[in-house]
Amino acid sequence: MHPWSPDVIVTATDGSEQSLRAANAAAALARTNDAQLFIVTVVRPPEGWWGIVGAPPPAESLGNALADAQRAVLEKTVDAIDLTGVRYDTVEEVGEPASQLASFAQANDADLVVIGQRGAGLVERIVVGSVADRLVHIATMPVLVVP
Ligand SMILES: Nc1ncnc2c1ncn2[C@@H]1O[C@H](COP(=O)(O)OP(=O)(O)OP(=O)(O)O)[C@@H](O)[C@H]1O
Ligand SMILES: [Mg+2]
């Protein structure tokens, strides 16, 4: 077998501390392997959001709020990590996070996905986050889970 070396790396960010650590590890791996890095954030569609807030806000303001939040997550991530010498793109997807991440990674021939063990969901959870858990089960390439 050839020695394994990633050419394309995907990192998943929700803006949480853990996802920033994952992104930082992904950037370092991209640098040392001269790989392309995709920094991806996924926003759940409005239906899911309605369930959390209880009532649907006006579609227009919801759309803007989600788009703004998504952009802020990417900016926060890019600002937090060392991307010196790294070829990278930021990517915004809409849908169920784990399946969107898996299909984006597959469509872009990613050799590695780097994800936080936990995310922005709950501060003190004991188990691995549901996005990370699902992704590990459905991904078709290696997944690095960063605690
Ligand atoms: N919407 C998202 N877009 C991109 N990456 C995400 C998203 N949500 C989570 N992630 C990635 O998954 C990692 C683990 O987060 P996850 O959502 O699984 O845990 P959690 O937020 O603690 O729990 P839960 O969401 O199940 O309440 C994050 O560190 C981040 O890398
Ligand atoms: Mg979460």
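What net charge do the residues around Pro6 carry, taking every other residue with its C-beta under 15 Å from that of Pro6, with Lys and Arg at +1 and Asp and Glu at -1? Kindly include the intermediate steps, with their values, before the conclusion.
Numbers: positive: Arg31, Arg87; negative: Asp7, Asp34, Asp109, Asp111.
Overall, the nearby charge balance is -2.
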Rounded to the nearest 500 deg cm²/dmol, what is the calculated helix-only ellipticity per residue at 222 nm for the chain, with -39500 (n - 2.57) per DSSP H run of length n ≥ 4? -14500 deg cm²/dmol
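Cα-based Rg of the chain per 2.2 N^0.38 Å, rounded to two decimals?
Working: Rg = 15.4 Å, N = 147, 2.2 N^0.38 = 14.7 Å.
Relative to the rule-of-thumb radius for its length, the chain sits at 1.05.
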Which peptide among 20-28, 63-71, 91-99, 106-114 comes first, and what is the full order, when sorted by highest mean count of other Cβ atoms within 10 Å? 20-28, 106-114, 91-99, 63-71
Starting from the Cα of Met1, step 7 Å along the direction of its Cβ; do the same at Asp109; then give the gap between the two resulting points in nm. 2.0 nm
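None of the figures in this text is laboratory data; all of them are computed from the coordinates on show. This structure is a prediction, so every number in the text was calculated from the model and none was measured. Cβ coordinates were reconstructed from backbone atoms using ideal geometry, including for glycine residues, and neighbour counts include every protein chain displayed.
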